[in-house]
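Peer 1: Sharing a structure with you now.
The values are calculated or read from the model by the stated rules, or taken from the named source; none is laboratory data. As the structure is a prediction and not an experimental result, all values here were calculated from the model. Backbone-built Cβ (ideal geometry, glycine too); neighbour counts: all protein chains shown. Heavy atoms of the whole protein, side chains included, go into the accessibility calculation; ligands, DNA and RNA do not. Shrake-Rupley method; radii C 1.70, N 1.55, O 1.52, S 1.80 Å.
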2 protein chains.
Amino acid sequence: MSDTPNLASAGGKIMLVGLGPGSHDHLTARARAAIAEADTIIGYVTYIRLVADLLEGKEVIRKSMTEELDRAIEAFERARQGKKVALISSGDAGVYGMAGPTFEVLFQAGWTPDSGVEVEIIPGASALNTCAALVGAPLTHDFCAISLSDLLTPWPTIARRLDAVAYSDFVVALYNPKSGRRTGQIVEARRLFLRHRRPDTPVAIVKSAYRPRQRIEFTTLDKMTDCDIGMLSTVLIGNSNTFIQHGLMVTPRGYRNKYDVESGATHHGEQAGRSLSTGLTGWRAGLHASGRSAAELAAEHRLPEDYIAALLAEPLDATQASDEANEVEA
Amino acid sequence: MSDTPNLASAGGKIMLVGLGPGSHDHLTARARAAIAEADTIIGYVTYIRLVADLLEGKEVIRKSMTEELDRAIEAFERARQGKKVALISSGDAGVYGMAGPTFEVLFQAGWTPDSGVEVEIIPGASALNTCAALVGAPLTHDFCAISLSDLLTPWPTIARRLDAVAYSDFVVALYNPKSGRRTGQIVEARRLFLRHRRPDTPVAIVKSAYRPRQRIEFTTLDKMTDCDIGMLSTVLIGNSNTFIQHGLMVTPRGYRNKYDVESGATHHGEQAGRSLSTGLTGWRAGLHASGRSAAELAAEHRLPEDYIAALLAEPLDATQASDEANEVEA
């Protein structure tokens, strides 16, 4: 007998379970089965409470919010003893969830996929999906998630991302926007966004989505810092096309760029099922035909000059030829 | 009797159902119940096939890929007749899914939430969540989703976003990366990324996640255009810290910025549960103490000079005082 961990003997398993918003209705079948299969459940106290009625007869280990590494270490210890351990996260275990710290701890301990402890990640809807579903359809175009928590990330990294996505007109979901101690980050996010976006850009603040204390507030970029925002809030900032109508926040997908939405007919020069006339091929052809300099075109399209110069330096023929070939096939 | 649509008479319902990856294991209880409750199911033929065994006795309307507006129009027509209609999308109905075009069509037709046709959005795990779960833990830090389809979005808009998030070091999920006809967009995405990112940046290409033909390929930014990429693929590009080890793609959350991952002890000058010393408050104090110009600091931190100048122009006292007050409370 020995206290030395024996990686080969185990047969244990770590299941990283994304609960979705937390109501049982929005659990996947696999998430529910994983919890049923587990000998041990480890999670932040609030997440444990969400599935309390599914835990009878199981070992339950409640951890505080900042003990992610401890949760992973305890999960691995038990899995090495042959236990099946469910590490639960609200939302998706892969999105700012337990999947990351767990692999960091496992790799550090010399774990490999063949070493007798299996790892399964069970995906779920993340906060951005569930909050979006409650407010309308804000994420129908390109979007990003940024955590405002500077507990593990230097502020310049966060600020650089806020600046970049404000400039390039993403829909943005802010995770961990504010806590009792961190109150300045959301103020800075607003400041960085207002350098590029209109003050009346629509914003939705969703708290405790699909839970008993759910609350949804619509506001604008300019006024969002006046709202009640906390650790259970997700802040959704629209792009330049997002609007709020009848209490719903919607980002148009872009059908109006091609179609008359009422009749379904395409606009002149556009074809259903084909790239826009301002899509890559058409736009490139336009750059070449314009006869303008890379600097002028870069300023017009707000793109790097060396990128435009590289496109102008390449002949169009290859792209055009292959597109025409495809048109004939179609 | 009249053919005029009567918005008030209905009692019908449109349910926008996100199926997740498509295997029944990963359906939420609510998604399954919504399909059971529906009289009519409308969806792209591939999605209908994913839930074919749940559709007995229901009216099923199969549409082709580009008929999103038609799907929404048909759903609304039936809901106005009092039917319960499930509009199904793979992934999340709100992420490049049917939620957007449905609201566009409804608003155009004069629908309001009080007009007798209810709309419910049922969130699911999107492709980025499910693909991430299969490859490891790539989304544990800030990430974004960009569709490379230029069927509804002008290329300069897409290019600007690619440039911005490559620069600011997001993990990126590319949706609709390539089709038989659209082959140049992924080449351009690579070109824009290589202006900012290392050629060996890890990339994962996931095809048909959780479906019988699932395939996962790991590659690098430099080589990704040589891989098999199609309409059923999602491309995940790591950030500057992402690594691939033992066949798993992991983006560290940042624990190493604060902790010794083996012992769990904090590094000198850092505190568990508190912002990093380079977090907003500490970083701002450092800017003020540096005695350097806004231009120098902007270059060092790769942030806009006017943002740094605005921070330098504000006294630190307010922020510091409130932080100290919080420390005392804690």
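Peer 1: Does the stretch B:147-167 include one or more residues that are under 30 Å from residue A:14 (Cα atoms), at the interface with chain A (Cβ under 7 Å from one of its Cβ atoms) and either in contact (Cβ under 8 Å) with a residue 24 or more places away in the chain or open to solvent by 20 Å² or more (accessible area, probe 1.4 Å) (or both)?
Peer 2: Within the stretch B:147-167, the first condition is being under 30 Å from residue A:14 (Cα atoms), and the residues that meet it are none.
Within the stretch B:147-167, none of the residues are under 30 Å from residue A:14 (Cα atoms), at the interface with chain A (Cβ under 7 Å from one of its Cβ atoms) and either in contact (Cβ under 8 Å) with a residue 24 or more places away in the chain or open to solvent by 20 Å² or more (accessible area, probe 1.4 Å) (or both).
Peer 1: When residues of the stretch B:252-278 are filtered for being touching a Pro at 6+ places or on another chain (Cβ under 7 Å) and part of a loop (DSSP other than H, G, I, E, B), how many remain? Steps first, answer last, please.
Peer 2: Of all residues in the stretch B:252-278, those touching a Pro at 6+ places or on another chain (Cβ under 7 Å) come to B:253, B:255, B:276, B:278.
Filter once more, keeping what is part of a loop (DSSP other than H, G, I, E, B): B:253, B:276, B:278.
Count: 3.
Matching residues to (1) within 12 Å of another protein chain (Cβ to nearest Cβ); (2) under 23 Å from residue A:121 (Cβ atoms):
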residue	(1), (2)
B:205	no, yes
B:210	yes, yes
B:228	no, no
B:241	yes, yes
B:251	yes, yes
B:266	yes, no
B:271	yes, no
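Peer 1: So, of the residues in the stretch A:173-191 that are facing chain B (nearest Cβ under 9 Å) and within 20 Å of the chain's Cα centre (by Cα), which turns out to be nearest to residue A:127 (Cα to Cα)?
Peer 2: Among residues in the stretch A:173-191 that are facing chain B (nearest Cβ under 9 Å) and within 20 Å of the chain's Cα centre (by Cα), the one nearest to residue A:127 (Cα to Cα) is A:175.
Peer 1: Regarding the stretch A:309-330, can at least one residue be identified that is open to solvent by 30 Å² or more (accessible area, probe 1.4 Å), at pLDDT 95 or above and hydroxyl-bearing (Ser, Thr, Tyr)?
Peer 2: no
Peer 1: Out of everything in the stretch A:122-139 that is in contact with a Ser or Thr (Cβ under 9 Å, 6 or more places away or on another chain) and β-branched (Val, Ile, Thr), what residue ends up being farthest from residue B:262 (Cα to Cα)?
Peer 2: Step by step, filter the stretch A:122-139, then rank; the result is A:130.
Peer 1: Looking at the stretch A:119-146, which of its residues are of a type in the set (D, E, K, R) and either surrounded by 24 or more Cβ atoms within 10 Å (Cβ to Cβ) or within 7 Å of chain B (Cβ to nearest Cβ) (or both)? Working first, answer last.
Peer 2: Keep residues of the stretch A:119-146 that are of a type in the set (D, E, K, R), which gives A:120, A:142.
Matches in the stretch A:119-146: A:142 only.
Peer 1: Test of understanding: among B:285, B:289, B:294, B:298, which residue is surrounded by fewer than 19 Cβ atoms within 10 Å (Cβ to Cβ), modelled with pLDDT of 90 or more, in contact with a helix residue (DSSP H, G or I) (Cβ under 6 Å, 6 or more places away or on another chain) and of a type outside the set (Ser, Thr, Tyr)? Walk me through how you get there before you give the answer.
Peer 2: Details: B:285 fails: in contact with a helix residue (DSSP H, G or I) (Cβ under 6 Å, 6 or more places away or on another chain); B:289 fails: in contact with a helix residue (DSSP H, G or I) (Cβ under 6 Å, 6 or more places away or on another chain); B:294 fails: surrounded by fewer than 19 Cβ atoms within 10 Å (Cβ to Cβ).
Selected residue: B:298, the only one of B:285, B:289, B:294, B:298 that is surrounded by fewer than 19 Cβ atoms within 10 Å (Cβ to Cβ), modelled with pLDDT of 90 or more, in contact with a helix residue (DSSP H, G or I) (Cβ under 6 Å, 6 or more places away or on another chain) and of a type outside the set (Ser, Thr, Tyr).
Peer 1: Of everything in the stretch A:68-79 that's open to solvent by 40 Å² or more (accessible area, probe 1.4 Å) and out of contact with any helix residue (DSSP H, G or I) (no Cβ under 7 Å at 6 or more places or on another chain), which residue is farthest from the other protein chains (Cβ to nearest Cβ)?
Peer 2: Within the stretch A:68-79, the subset open to solvent by 40 Å² or more (accessible area, probe 1.4 Å) is A:68, A:70, A:73-74, A:77-78.
Retained after the next criterion (residues that are out of contact with any helix residue (DSSP H, G or I) (no Cβ under 7 Å at 6 or more places or on another chain)): A:70, A:74, A:77-78.
Working: A:70: 7, A:74: 12, A:77: 13, A:78: 17 Å.
Residue satisfying both the conditions and the ranking: A:78.
Peer 1: Please go through the stretch B:106-117 and give me each residue that is part of a helix (DSSP H, G or I) and either more than 9 Å from every other protein chain (Cβ to nearest Cβ) or crowded, with 24+ Cβ neighbours inside 10 Å (or both), ordered by number.
Peer 2: At the first step, the residues of the stretch B:106-117 found to be part of a helix (DSSP H, G or I) are B:106-108.
Hit for the stretch B:106-117 is B:106, nothing else.
Peer 1: Something else about it: Name the pairs whose Cβ atoms lie under 8 Å apart, with the first residue in the stretch B:277-306 and farther than 25 Å from residue B:257 by Cα and facing another protein chain (nearest Cβ under 9 Å), the second open to solvent by less than 70 Å² (accessible area, probe 1.4 Å) and at pLDDT 95 or above, and 6 or more positions between them or separate chains?
Peer 2: What qualifies is B:306/B:294.
Here is a yes/no grid of residues against (1) more than 14 Å from chain A (Cβ to nearest Cβ); (2) modelled with pLDDT under 95; (3) open to solvent by 10 Å² or more (accessible area, probe 1.4 Å):
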| site | (1), (2), (3) |
| --- | --- |
| B:40 | yes, no, no |
| B:45 | yes, yes, yes |
| B:49 | yes, yes, yes |
| B:66 | no, yes, yes |
| B:82 | yes, no, yes |
| B:92 | no, no, no |
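Peer 1: Identify the single condition in (1) part of a loop (DSSP other than H, G, I, E, B); (2) on the phi < 0 side of the Ramachandran plot that residue B:164 does not satisfy, given that it satisfies every other one.
Peer 2: (1)
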